[in-house]
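Structure first, commentary second.
The values are calculated or read from the model by the stated rules, or taken from the named source; none is laboratory data. Quantities reported herein were computed from a predicted structural model and do not represent experimental measurements. In this analysis, Cβ positions are derived from the backbone assuming ideal geometry, glycine residues included, and neighbour counts consider all displayed protein chains. Please note that ligands, DNA and RNA were not included when accessible areas were found on the heavy atoms of the full protein model with its side chains. Shrake-Rupley method; radii C 1.70, N 1.55, O 1.52, S 1.80 Å.
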Amino acid sequence: MDSDPEAALEHAKYAKAKASRVPIVREALGLVAYHAGNWSEALSELRAVRRMTRSDDHIAIIADAERALGRPERALDLAKEADTAKLAKATQVELAIVAAGARRDLGQLDAAVVSLQGADLKAEKRDPWSARLFYAYADNLAAAGREDEAVRWFLNSAEADAEDETDAAERAAELANGPADAEKAAEKAAEAKVAEPKAAEPETTEKVAEPKAVEQDAEKAAEEKDTEATDE
């Protein structure tokens, strides 16, 4: 799926054409469409699965697709409607992350931060969802202008991210160094690129000098012939 999402999407569509009433087939198409960034199709298929199975297993993905389509209010409504007690813990956390992102989309920055606070938000936690939760919390802190706290939680996320699934360490470094250092690094890189052609100038000068030496030799030979003719 990750290596060729478009091909996976075509295979899933073919399977749906053969077995459109089988929930697992519709589920596969919905998930593949989601990973391919085809939000509308993902939403349509996973809604169908929800109706067919009466299950909210994919409620977080459905809400995230709504958010991706520019409908954060609908994402929040889904989060409120869901019976979280019946959801797997991982789904609960993912839904909370999506809901926080929807609040941020609506400009509710402080509410987004507060909504992720709870028993799972402890730096020493190492649950399967800890890295993503810490990252989302740090991301919302950064959006709210609380950069020092954001750096700390990005670092917490990096430490919890045993599979290196996030760029938490890079985000922490970026915030810690600040835009000024980033600009200096860019300027140094630009200077290095401009300086590269200068190293080739001596070679060019030598090549240009060669024709002049030939001309001087030719003039000298001509003068010698004139002198010989005069002597005769």
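In this entry, R103 passes the filter for residues that are crowded, with 16+ Cβ neighbours inside 10 Å, among the basic types (K, R) and either at pLDDT 95 or above or under 24 Å from I62 (Cα atoms) (or both). Filtering segment 5-29 to residues that are closer than 12 Å to T53 by Cβ, open to solvent by less than 80 Å² (accessible area, probe 1.4 Å) and assigned to a helix (DSSP H, G or I) leaves P23, R26, E27. Note on segment 30-52: residues that are surrounded by fewer than 17 Cβ atoms within 10 Å (Cβ to Cβ) and more than 22 Å from the chain's Cα centre (by Cα) amount to 4.
Checked against the criteria, T91 does not count as modelled with pLDDT under 95 and open to solvent by 20 Å² or more (accessible area, probe 1.4 Å). Within segment 94-110, the set of residues being hydrophobic (A, V, I, L, M, F, W, C) and under 18 Å from E66 (Cβ atoms) comprises L95, A96, I97, V98, A99, A100, A102, L106.
Exactly one residue out of D120, D139, D167 is open to solvent by 40 Å² or more (accessible area, probe 1.4 Å) and either of a type in the set (D, E, K, R) or closer than 24 Å to G70 by Cβ (or both): that is D167. For segment 126-147, a residue qualifies if it is of a type in the set (K, R), part of a loop (DSSP other than H, G, I, E, B) and under 17 Å from T91 (Cα atoms), and exactly one does: R126. On the basis of being open to solvent by 70 Å² or more (accessible area, probe 1.4 Å), basic (K, R) and part of a helix (DSSP H, G or I), does K80 make the cut? For K80, the condition - open to solvent by 70 Å² or more (accessible area, probe 1.4 Å), basic (K, R) and part of a helix (DSSP H, G or I) - is met.
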